[in-house]
Amino acid sequence: MNLIRLNNIKKSFGGTLLFQDVSFDVGDSDKVAIIGKNGVGKSTLFKLILKEIAPDSGDIFIFGDTTIGYLSQEVLSGDSRTLMDEMLLVFQEVERLGDKLREITEKMAANPSDAFTNEYGRLEELYRFKGGYEYQTFIDMILSRFGFGKTDYDRQVGSFSGGEKTRIAFAKILLAKPDVLLLDEPTNHMDIEIIEWLEDYLKRYEGAVVVITHDKYFIDKVAREIYEFDNEHLEKYSAPYDKYLMEKVARYDILLKQYQRQQKEISHLQSFVDRFRYKATKAKSAQDRIKKLNRIERIELPKSDHRHISIAFSPRRPTDAVILEISNLVIGYDRPLAFPITLAMRGTEKIGIIGPNGIGKTTFIKTLLGEVEPLNGSYDFPKNRCIGYFDQQVSDLPSSGSLIECVHSQYPQKTIKEIRTLLGRFLFTGEDDFKDISVLSGGEKVRLRLLLLMCEQPDFLILDEPTNHLDIETKGLIEDVFNEYNGPILFISHDRYFINKVATKILAFDQKQWLLYSGNYDDYKTMLTEQKSEPIHSIKRKTGSVKKLSYKELETKFIHTEKEVQLLKQQLFNPDIYSNHEKYRQTERRIEELEQESNELLIQMERSDGFIEN
């Protein structure tokens, strides 16, 4: 059953056409990904559906009493409510029913009657139908999955960060269970663990999901169909992403052949007309061909988006020797953020760093770059090695000046011709070379920074979230560049597609330890799922003694306790548990007891001789 229909929509802004002839249906259980370059009209499509703006032409239909949930911080009522009060706004009707049930119960106690009994039965059935006995458990489950604990419930919404507010808004939308979810870049501000839970939840969501995203992995997990804005039109493709790519290439090839055949036919007809239109014996035939030419519906020359940065990106001094040695490194500020790290990295390895937000990934990178002092331990790069740093913010670019001036100021030995050739290899052509940096798009700034990075010829690359907020095309270019670089890379990313394509090893941080695995992200997930492979390396510590337990015994007990906590937390999302209030509370109490025990064990471990090697 259709919930939303867009029919032949056209939209322009400031005289610039965004798209035209856009027709789009949303069925009651559709799972759709909207993709395309930044600025082509993806978010505008959502605004049209939400009636925030009107189309230039065409019709939009929202059928029946379809409810739509749109992810934005405007979903929140304000900053003054507590987190729990904000969530309870979704269940105001259920809470009113609960109040009425309590009133009738009091009246029945004072004056039993059939009328009260019947009314109680009717309201209780409605209360049960609307989830009155489960909504608090549902709130706990959703907030927990978005990374909020019970200690956050009484905090005012205004006290949370921007990213946390986005997660709060997301939680509120999911609690409301609208018929259609409109999600614009839902994986921003979320770590991989939350994203993977969200993918599973949305895949099974009973309503429709329409998502704007540049996350290819997310597309593969959630979407059944892909719609792409391309050349002012919206084209429908099959999912997953790899199938979309093959289908797009096939369509391009077919359209190109049709275009070439038509051009050949037009050329043949035009040649006859030019030759014979003024010759009396052939004039009628020429006129017939003119009419035929006028009737031909012209096929536009298809544009190919399969652009590729043409470079040979190599370190100045390639090597397969150890290029980074880390020994018992403790990172943090006033307290350790992770257990001591020891590893050796060779010049051919590309290590992707993953883990929850706030766990210490960026602090680890900043420590290696010398921006943060280590609390203990050491790290060592071979002397005279050039380190190249790259993040998506490209904050080290100058604020103004043309592209040519920017490159020439850093590499004055290069001629203008050499610089323009370089710019061309990074997809800057013609007048692009004279653009001012201040007007470049995010993707263009990334390409310029990549060009400068390539000219540096670094021996070692350190990357911090290099693909954040980039469109799919630019992400693809970055994936290709760093995949083809044959030197060592240490990088932080939540982009699993990027990790898959680039990484040869995974360095995973969590609250208890760090682990180093061979392979890319899919290999890492397979190892976790099958629980067959041991990590290449996990933390080894000296044995010490605290009171009656040795350090090793404390550590073993701590790990066992933490595993039990995680197992019980998983059980909270079992329907048999979260639909039973008493079982849910019992499980929660047990988790609290174990977490307290775990904290006490950790304190004892920190006080022991085995926590940090001096």
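Here Kirkwood radius over Cα pairs in Å was computed from the coordinates, and among (i) 28.9; (ii) 33.7; (iii) 26.5 the match is (i). Sticking with the crude label model, points 7 Å out along Cα→Cβ, report the distance from Glu325 to Glu405 in nm, one decimal please. My value for the distance between the label points is 4.7 nm.
The accessible area of Asp253, taken with all protein chains in place and a 1.4 Å probe, comes to roughly 70 Å². Remark: spin-label model distance Asp65-Gln570 equals 4.1 nm, labels positioned 7 Å along the Cα→Cβ axis.
Entry note, region 12-143: relative contact order of 15 percent, from Cα contacts under 8 Å with a spacing of 6+ residues. Estimated from helices alone, the mean residue ellipticity of the chain at 222 nm is -14000 deg cm²/dmol (sum of -39500 (n - 2.57) over DSSP H runs with n ≥ 4, per residue).
The stretch between Gln393 and Glu206, if pulled fully straight at 0.36 nm per residue, gains 63.6 nm over its current Cα-Cα span. Compute the Cα gyration tensor for region 267-421, then decide on rounded, prolate or oblate, letting a ≥ b ≥ c be the square roots of its eigenvalues: rounded whenever a/c is under 1.5, prolate when a/b is larger than b/c in the other cases, and oblate in all that remain. Prolate shape, in that a/c is at least 1.5 and a/b is the bigger ratio. Measuring nothing but how far apart in sequence close Cα pairs (under 8 Å, 6+ apart) lie, relative to its length, region 400-472 scores a relative contact order of 36 percent.
Packing order of peptides 370-377, 411-418, highest average first: 370-377, 411-418 (average count of other Cβ atoms within 10 Å over each peptide's residues).
In this structure, the amide hydrogen of Ile35, modeled 1.01 Å from its nitrogen in the peptide plane, lies closer than 5 angstrom to those of Tyr227, Glu228, Phe229, counting only residues at least 5 positions away or on a different chain. Taking amide H atoms as placed 1.01 Å from N in the peptide plane, the amide H of Ile341 lies under 5 Å from those of Asn328, Leu329, Val330, each 5 or more residues away in sequence or on another chain. A cut-off of 5 Å between modelled amide H atoms, ignoring neighbours fewer than 5 places along the same chain, links Val372 with Thr367. At q = 0.15, 0.17, 0.23 Å⁻¹ the log10 of I(q)/I(0) for region 234-339 amounts to -0.87, -0.93, -1.20, computed by Debye summation with a single uniform scatterer per C-alpha, solvent ignored. Between Asp510 and Glu297, the distance separating the two model label sites (each 7 Å from Cα on the Cα→Cβ line) works out to 5.7 nm.
Gain in length, Glu196 to Glu103, computed as 0.36 nm per residue apart minus the alpha-carbon separation, to one decimal in nm?
29.1 nm
How much FRET efficiency would the formula 1/(1 + (r/R0)^6) give for Ser238 and Thr421, where r is the Cβ-Cβ distance and R0 is 35 Å, rounded to 0.05?
On the way: r = 39 Å, r/R0 = 1.13.
The formula returns an efficiency of 0.35 here.
Of the chymotrypsin sites (Phe, Trp or Tyr not before Pro) found in region 1-105, the ones in coil according to DSSP and having at most 13 other Cβ atoms within 10 Å of their Cβ are Phe63. Taking 0.36 nm per residue of separation and subtracting the Cα-Cα distance, full extension of the segment from Thr429 to Arg122 would add 103.4 nm. A 1.4 Å probe run over the chain, with the rest of the protein chains in place, finds 51 Å² accessible per residue. Taking packing as the residue-averaged number of other Cβ atoms within 10 angstrom, the listed peptides 339-347, 294-302 run from highest to lowest as 339-347, 294-302. Of the GluC sites (Glu not before Pro) found in region 124-230, those in coil by DSSP whose Cβ has at most 14 other Cβ atoms within 10 Å are Glu206. Taking the protein heavy atoms of the chain in the context of the full set of protein chains, the accessible area attributed to carbon and sulfur is 47 percent at 1.4 Å.
Please report the relative contact order for region 352-510, taking Cα pairs under 8 Å with a sequence separation of at least 6, and give it as a percent rounded to a whole number.
Once divided by the residue count of region 352-510, the mean separation gives 39 percent.
The values are calculated or read from the model by the stated rules, or taken from the named source; none is laboratory data. None of these values were measured; they are calculated from a predicted model. All Cβ positions, even for glycine, are placed from backbone atoms using ideal geometry, and neighbour counts span all protein chains on display. Please note that ligands, DNA and RNA were not included when accessible areas were found on the heavy atoms of the full protein model with its side chains. Shrake-Rupley method; radii C 1.70, N 1.55, O 1.52, S 1.80 Å.
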